[in-house]
Amino acid sequence: MSNVKESWKSIEGGVAAPKGFYAVGVQAGIKYEDKYDVALVFSQVQAQAAGVYTRNVVKAHPLHLTQSHLKNGLAQAIVINSGNANACVGKAGDQAALSMAQVVAMFMAVPAEDVLVASTGVIGVEMPIDRVLTGIRAASAELLGNMVKGIREPKETSNYGAHRAALAIM
């Protein structure tokens, strides 16, 4: 059996390679200084979407929201943060995930139900939602500016979009 990684092929533009897709990553101060920790990936139109989920009984708050939003198989954006998993923190976690989707929806002018939310990081600590929402605002503003300029791929400007989005997820 061959190694799956051996068959992987890097695609120039990464997650923003398909026509109409844009991506950006920003530093919101969730992790620690000088680290990208909020990513936003956006499609100009609703796109077919699917998810692969943990089978664990315990699921993070963003996962519950994303499963609900994906029931129709469509999405237009995903916001991802790293540094805080937003897991096992009760109603505050549900509200944080919902707020993340709503703020993306407001800035990107799409229904909140078309926004997916993913978080990775420390479990059992409340999301620093003010930092996250500030990061989402910055990511949305940069992404919208890049859409107006037609910038999609990392090669088009130094340290751009898809690369920074990937760094924010790691």
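The values are calculated or read from the model by the stated rules, or taken from the named source; none is laboratory data. Quick caveat: nothing in here was measured; it's all calculated off a predicted structure. We place every Cβ from the backbone using ideal geometry, glycine too, and count neighbours over all the protein chains shown.
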Legend entry - Flag if Ala92 is assigned to a helix (DSSP H, G or I), over 21 Å from Glu142 (Cβ atoms) and either under 17 Å from the mean Cα position of the chain (by Cα) or of a type in the set (Lys, Arg) (or both): no
Legend entry - Top-ranked residue in the range 40-76 [being of a type in the set (Val, Ile, Thr) and either surrounded by 13 or more Cβ atoms within 10 Å (Cβ to Cβ) or not in a strand (DSSP E or B) (or both); ranked as modelled with the highest pLDDT]: Thr66
Legend entry - Residue match in the range 113-121 (condition: in a helix (DSSP H, G or I) and under 22 Å from Tyr22 (Cα atoms)): yes
Inset, instruction - Kindly indicate the residue of the range 95-141 that is closer than 20 Å to Glu33 by Cα and touching an Asp or Glu at 6+ places or on another chain (Cβ under 9 Å) and also surrounded by the most Cβ atoms within 10 Å (Cβ to Cβ) among those meeting that condition. - result: Gly135
Inset, instruction - Output yes when any residue across the range 25-34 is within 20 Å of Arg131 (Cα to Cα), assigned to a strand (DSSP E or B), in contact with a strand residue (DSSP E or B) (Cβ under 7 Å, 6 or more places away or on another chain) and of a type outside the set (A, V, I, L, M), and no when none is. - result: yes
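How many of the residues making up the range 122-141 are of a type outside the set (A, V, I, L, M) and outside any helix (DSSP H, G or I)? It would help to see each step written out before you state the result.
Going residue by residue through the range 122-141, those that are of a type outside the set (A, V, I, L, M) are 124, 126, 128, 130-131, 134-135, 137, 140.
Remaining after also requiring outside any helix (DSSP H, G or I): 124, 126, 128.
The total comes to 3.
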Inset, instruction - Give the residue that is surrounded by the most Cβ atoms within 10 Å (Cβ to Cβ), with candidates limited to residues of the range 142-153 that are free of Cβ contacts under 8 Å to residues at least 60 places away in the same chain and assigned to a helix (DSSP H, G or I). - result: Leu144
Inset, instruction - Residues being buried (at least 19 other Cβ atoms within 10 Å of the Cβ) and over 13 Å from Ser82 (Cβ atoms): count how many of those fall in the range 22-39. - result: 3
Inset, instruction - Answer yes or no: is there a residue in the range 80-94 that is farther than 26 Å from Arg164 by Cβ and surrounded by fewer than 10 Cβ atoms within 10 Å (Cβ to Cβ). - result: yes
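Of Ala28, Ala50, which residue is within 15 Å of the chain's Cα centre (by Cα), hydrophobic (A, V, I, L, M, F, W, C) and more than 24 Å from Ser99 (Cβ to Cβ)? Steps first, please.
Values: Ala28 fails: more than 24 Å from Ser99 (Cβ to Cβ).
Within the list Ala28, Ala50, the selection yields Ala50.
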